[in-house]
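Asks: Have a look at this one.
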Amino acid sequence: MFKNVAEVKEYCSSNGIRIIDFKITDLAGRWHHLSIPAVRFSEKVLEEGIGFDGSSYGFLTVEKSDMIFIPDISTAFIDPFCKEPTLSMIGDIYTLEGGIKRYQGDPRFIAEKAESFMKESGIADENRIGPEFEFYIFDQIAYENKPQHQEVTINAVQAEWNTNDKSDNMLGYKVGHKGGYHAALPYDVTNDLRSKMCLMLEELGVMVKYHHHEVGGPGQVEIEVEFGNMKEMADKTYLLKYVVKNMAIQNGKTATFMPKPLYGEAGNGMHVHMMLFKEGMPLFYDRDGYSGLSQTALYYIGGLLKHAPALLAFTNPSTNSYKRLVPGYEAPVSICFATSNRSSVIRIPGYANKPENKRFEFRSSDATCNPYLAYSAMLMAGLDGIINRIDPMAEGFGPYDLNIFDLSEEEKKKIKGLPKNLEEALNALKEDHEFLLRGNVFTEHLIHTWIKSKYEKDFKKISILPHPAEFELYYDL
């Protein structure tokens with residue numbers, strides 16, 4: 001939005017901006033923020049930064065945790081959820097050892113380094129991606145985890161479990177189990193809310209392709225955005241989630257991108273469409289190739305599928321992610337590729353047949369990821385496939401132009417499966433991460449920290465927590 005401090009100060013003066021807010025990502029992928037009076041913003045902020053505790057963000061240990069962030073003023077936007085006129089901007093993270101310098105493990109810097117490596121490799125100069133964001137909009141959520149009480153209660157007015165609710169505001173038109181795909185009004189009760197979300201996103205520079213109700217009956221919806229360059233799209237991923245969650249709260253609703261909030265219903269994925277360009281020319285199209293794909297595209301697919309188990313440690317980094325990645329639902333569990341096939345990890349859309357829109361999508365990822373890390377890991381896996389000429393057909397990854405779930409058990413065994421839980425994904429990353437270290441994009445320290453944090457704080461915690469269903473299964477034995 002801005003090129004220098006003078007432009008920022010002029011804008012604040014002309015538009016009555018009283019607060020400047022800084023948003024910084026932690027390692028897991030959550031925004032934190034810090035605000036200052038607009039009159040305090042100066043060149044000094046860009047030169048010296050603002051100090052914070054890096055251990056609280058998951059980057060450093062507590063005994064040596066001082067870091068600073070310096071705002072990227074080009075990312076500034078008017079925060080629509082602050083009562084005081086507020087200008088927000090994203091901060092880049094710096095270390096202080098040996099002078100102020102970029103922190104190698106800053107997720108946003110990793111995305112920047114991944115794009116630089118792509119350009120320096122000579123393979124491409126642009127990586128355009130287009131995520132699809134699935135989420136649920138509920139009317140109520142409550143949960144408790146105590147030694148003597150574990151409970152989760154969810155409600156959505158439109159859900160089929162409310163067909164016999166005799167309250168005055170219950171007027172029928174409930175969405176059936178897994179019956180919500182493109183549901184029309186009056187079933188689609190969040191249509192107007194989504195429209196408001198999308199219009200706000202457009203105002204903030206996030207171009208929306210469309211929105212609609214998704215398969216999940218109790219309020220699953222989707223917003224798909226137009227393509228953008230990878231690092232910029234990671235910024236916009238944070239912004240989209242920020243708008244969705246805050247606007248839902250403003251309207252008396254609650255939104256979650258959690259992959260599997262409801263047993264038996266469709267889960268929330270974040271399919272990522274991807275394309276490479278060089279000097280404005282698309283690299284993934286070949287009229288005579290399989291499904292119109294070039295050999296470069298196939299090698300890229302080969303890299304994604306070859307490294308898929310390790311990738312999931314970044315693209316599906318929650319224990320809940322693997323409750324979505326189970327056979328029988330729309331989420332893929334088989335490491336393969338195909339055209340128009342939603343049961344494969346890589347799907348080539350059958351309707352995208354022009355050179356400039358020829359692409360494929362990685363379907364297993366979900367929005368519990370840190371988008372800087374997930375998008376960068378995908379890019380590095382694809383580039384590794386091109387560099388090492390990993391042919392997905394020779395590797396046995398397909399194409400499988402059929403419903404994989406309908407294959408015989410013997411045929412299914414020929415197709416490798418995705419990790420079944422977070423521990424398996426973390427172990428795969430531990431064994432397979434050299435492709436991420438090319439060009440110093442990821443670092444050994446970052447990967448080690450990620451694995452340790454996800455194992456200790458996520459997998460280990462959930463693995464020892466008694467589940468209410470276990471009382472049903474075992475209490476009387």
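Asks: Pairs under 6 Å by beta carbon, first residue outside the structural domain of Gly205 (by TED's automatic domain parsing) in region 76-92, partner aromatic (Phe, Trp, Tyr) and part of a strand (DSSP E or B), six or more apart or different chains?
Replies: Close Cβ pairs satisfying both conditions: Ser88/Phe77; Gly91/Phe22; Gly91/Phe69.
Asks: With of a type in the set (Val, Ile, Thr), more than 24 Å from Val243 (Cβ to Cβ) and either touching a Lys or Arg at 6+ places or on another chain (Cβ under 7 Å) or not in a strand (DSSP E or B) (or both) as the only criterion, which of Ile137, Ile90, Ile70, Ile123 stands out?
Replies: That would be Ile123, the only listed residue that is of a type in the set (Val, Ile, Thr), more than 24 Å from Val243 (Cβ to Cβ) and either touching a Lys or Arg at 6+ places or on another chain (Cβ under 7 Å) or not in a strand (DSSP E or B) (or both).
Asks: Is there any pair linking a residue in region 30-44 that is assigned by TED's automatic domain parsing to the domain that holds Tyr11 to one that is surrounded by 11 or more Cβ atoms within 10 Å (Cβ to Cβ) and part of a helix (DSSP H, G or I), with Cβ under 6 Å and at least six apart or on different chains, and which?
Replies: So the pair list comes out as Trp31/Tyr238; Ala38/Cys12; Glu43/Val5.
Asks: Is there any pair linking a residue in region 273-286 that is farther than 18 Å from Met378 by Cα to one that is among the hydroxyl-bearing types (Ser, Thr, Tyr) and buried (at least 16 other Cβ atoms within 10 Å of the Cβ), with Cβ under 7 Å and at least six apart or on different chains, and which?
Replies: Within 7 Å, the pairs are Tyr285/Ser294; Asp286/Ser294.
Asks: I need the strands (runs of 3 or more DSSP E) fully contained in region 1-57, keeping only those with at least 2 residues that are closer than 17 Å to Pro85 by Cβ and modelled with pLDDT of 95 or more.
Replies: Fully inside region 1-57 and qualifying: 19-25, 31-37.
Asks: If you don't mind, there's one more thing I want to ask. Kindly establish whether Glu115 is touching a residue at least 12 places away in the same chain (Cβ under 8 Å) and not assigned by TED's automatic domain parsing to the domain that holds Met258.
Replies: Judged against the criteria, Glu115 is a match.
Asks: Just checking, which of Gly98, Gly105 is of a type in the set (Gly, Ala, Ser), closer than 30 Å to His33 by Cβ, touching a residue at least 12 places away in the same chain (Cβ under 8 Å) and part of a loop (DSSP other than H, G, I, E, B)?
Replies: The match here is Gly105.
Asks: If you don't mind, another one. Since Lys146 meets every condition but one in (1) outside the structural domain of Phe435 (by TED's automatic domain parsing); (2) surrounded by fewer than 18 Cβ atoms within 10 Å (Cβ to Cβ), which condition does it not meet?
Replies: If we test Lys146 against (1) outside the structural domain of Phe435 (by TED's automatic domain parsing); (2) surrounded by fewer than 18 Cβ atoms within 10 Å (Cβ to Cβ), just (1) comes out false.
Asks: Given (1) farther than 20 Å from Leu379 by Cβ; (2) of a type in the set (A, V, I, L, M); (3) part of a helix (DSSP H, G or I); (4) out of contact with any Phe, Trp or Tyr (no Cβ under 6 Å at 6 or more places or on another chain), identify the lone condition not met by Ala428.
Replies: Just one mismatch for Ala428, condition (1).
Asks: Right, next: Collect the residues in region 176-216 that are aliphatic (A, V, I, L, M), under 17 Å from Ala266 (Cα atoms) and more than 24 Å from the chain's Cα centre (by Cα), keeping them in residue-number order.
Replies: The one that is aliphatic (A, V, I, L, M), under 17 Å from Ala266 (Cα atoms) and more than 24 Å from the chain's Cα centre (by Cα): Ala183.
Asks: Okay, next question. Identify, from the list Ala310, Ala266, Ala255, the residue that is touching a helix residue (DSSP H, G or I) at 6+ places or on another chain (Cβ under 7 Å), touching a residue at least 40 places away in the same chain (Cβ under 8 Å), not in a strand (DSSP E or B) and not assigned by TED's automatic domain parsing to the domain that holds Leu27.
Replies: From the options Ala310, Ala266, Ala255, the qualifying one is Ala310.
Asks: Further question: Right, Ala159: surrounded by 15 or more Cβ atoms within 10 Å (Cβ to Cβ), of a type in the set (A, V, I, L, M) and more than 20 Å from the chain's Cα centre (by Cα) or not?
Replies: When the stated conditions are applied, Ala159 passes them.
Asks: Can you tell me which residue is farthest from Cys369 (Cα to Cα) among those in region 404-449 that are among the small types (Gly, Ala, Ser) and at pLDDT 95 or above?
Replies: Gly439
Asks: Inspect all residues belonging to region 375-393 and state whether any of them is in contact with a Pro (Cβ under 9 Å, 6 or more places away or on another chain), touching a residue at least 40 places away in the same chain (Cβ under 8 Å) and within 24 Å of Glu222 (Cα to Cα).
Replies: yes
Yes or no, residue by residue, for (1) surrounded by fewer than 20 Cβ atoms within 10 Å (Cβ to Cβ); (2) in contact with a Pro (Cβ under 7 Å, 6 or more places away or on another chain):
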site	(1), (2)
Ser13	yes, no
Phe22	no, yes
Ser55	yes, no
Met67	no, no
Pro85	yes, no
Glu97	yes, no
Gln104	yes, no
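Asks: Mind telling me which of the residues Leu379, Leu407, Leu418, Leu402 ends up being in the same structural domain as Tyr136 (by TED's automatic domain parsing), aliphatic (A, V, I, L, M) and buried (at least 24 other Cβ atoms within 10 Å of the Cβ)?
Replies: Unique residue meeting the criteria: Leu379.
Asks: Name the residue that is farthest from the chain's Cα centre (by Cα), counting only residues in region 217-229 that are surrounded by fewer than 18 Cβ atoms within 10 Å (Cβ to Cβ) and outside any loop (DSSP other than H, G, I, E, B).
Replies: Taking the candidates together, the pick is Asn229.
The values are calculated or read from the model by the stated rules, or taken from the named source; none is laboratory data. All values reported here derive from a predicted model rather than from experimental measurement. Note that we place each Cβ from the backbone using ideal geometry, even for glycine, and neighbour counts take in every protein chain shown.
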